[in-house]
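The values are calculated or read from the model by the stated rules, or taken from the named source; none is laboratory data. Computed from a prediction, not measured in an experiment: that's the story for all the values here. Glycine also receives a Cβ, built like all others from the backbone with ideal geometry; neighbour counts cover every protein chain displayed.
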Amino acid sequence: MKIDARKLSPQEQREKRSTALRMREQGYTYKAIGEAVGVHPRTIAHWAQVAEHKGEKAAIAGGQRGVRQGDRRSLSSSQEVLIRTLMTDKMPDQLKLGFALWTRDAVRELIRQRCGFLMPVRTVGEYLKRWGYTPQRPLHRAYQQKPEVVQHWLDNEYPRIAQRARAENGEIQWGDETGMRSDSHAGRSYAPIGETPVRLVSGSRFSTNMISTVTNRGKLRFMLYRETLTAPVLIRFLSRLIRDAQGRKVFLILDNLRVHHSKKVSAWVGDRKEQIELFFLPAYAPELNPDRVSEL
């Protein structure tokens, strides 16, 4: 019967390795040794290779025990709060990370820096999704509102944007904004009929906003902020977007939110035509509240 050797004490592991290597010297097959000591034949083969290249003592001693890179996949509740707070209050470069905007790789590096382990990128993406930090292309909503107008845009305007992006070594990005609350309902759970599952949450509420872009290849970049989206906030994001593009021109497609067309934003972008250019989807949303205009 095979057992999980990782649960054995270091002394017991060394004894198994020593026995396996002696049997190998006597001509036993990896399969026979594995059945005798309760270890997979591939593990026996690995021990034999270590003994051949580094010596029998090194093979018996084994490697350093501990959590391997990518093995740990979960954050504690306090660690989740820490990471989310840092992401909301700081940008990656302010935390001495080599990124201008938040990406899965940037969050992964933040977790390594603050929590001491390197989480798989896919798991980072699952956390971001759970926290509500997911991109939504505005084109999808626009298509639902005015399909014939958007189809015309897809057939005529978008091909021209794509052609220019290829010719100028640029990158097409789709922008959007969203708001999140800590008390929003999210997730499902199996439970017996008539017994609604209960999930304990913090009694305090907090909210944050996210502005993000996603490329045609699915790369997400985002910035979290607490204030209302104004022209200065948008410009701050666009500035970091340019930095994160690393020399490639940004072809940014936005919806028709009023702040996107503000004079401050237009003037700022106009001074940086070689680095960024804005394009807009056909109108689909109702007029914004006029009170928001005074904030721009």
Number of the exception - Glu52 against (1) out of contact with any Lys or Arg (no Cβ under 7 Å at 6 or more places or on another chain); (2) modelled with pLDDT of 85 or more: (2)
Subset of the stretch 91-114 [surrounded by 15 or more Cβ atoms within 10 Å (Cβ to Cβ), without any contact (Cβ under 8 Å) to a residue 40 or more places away in the chain and not in a helix (DSSP H, G or I)]: Leu97
Filtering the stretch 81-125 down to residues that are among the charged types (D, E, K, R) and either assigned by TED's automatic domain parsing to the domain that holds Arg243 or in contact with a Gly (Cβ under 8 Å, 6 or more places away or on another chain) (or both), which residue is nearest to Gly179 (Cα to Cα)? Arg104
Run Asp244 past the list (1) under 30 Å from Glu148 (Cα atoms); (2) touching a residue at least 40 places away in the same chain (Cβ under 8 Å) and report the number of the one that doesn't hold. (1)
Kindly evaluate Leu252 against the criterion of being touching a residue at least 24 places away in the same chain (Cβ under 8 Å), in the same structural domain as Pro159 (by TED's automatic domain parsing) and touching a Lys or Arg at 6+ places or on another chain (Cβ under 8 Å). no
Working only within the stretch 162-189, note down all residues that are loosely packed, with under 15 Cβ neighbours inside 10 Å and at pLDDT 90 or above. Ala162, Gln163, Arg166, Ala167, Glu168, Asn169
Being crowded, with 21+ Cβ neighbours inside 10 Å and outside the structural domain of Ala106 (by TED's automatic domain parsing): is that true of Leu220 here? no
Looking only at the stretch 205-237, filter to residues that are among the hydroxyl-bearing types (Ser, Thr, Tyr) and not in a strand (DSSP E or B); which one of those is nearest to Glu277 (Cα to Cα)? Thr230
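Taking into account only those residues within the stretch 238-261 that are part of a loop (DSSP other than H, G, I, E, B) and surrounded by 18 or more Cβ atoms within 10 Å (Cβ to Cβ), which is farthest from the chain's Cα centre (by Cα)?
Only one residue fits best here, namely Leu257.
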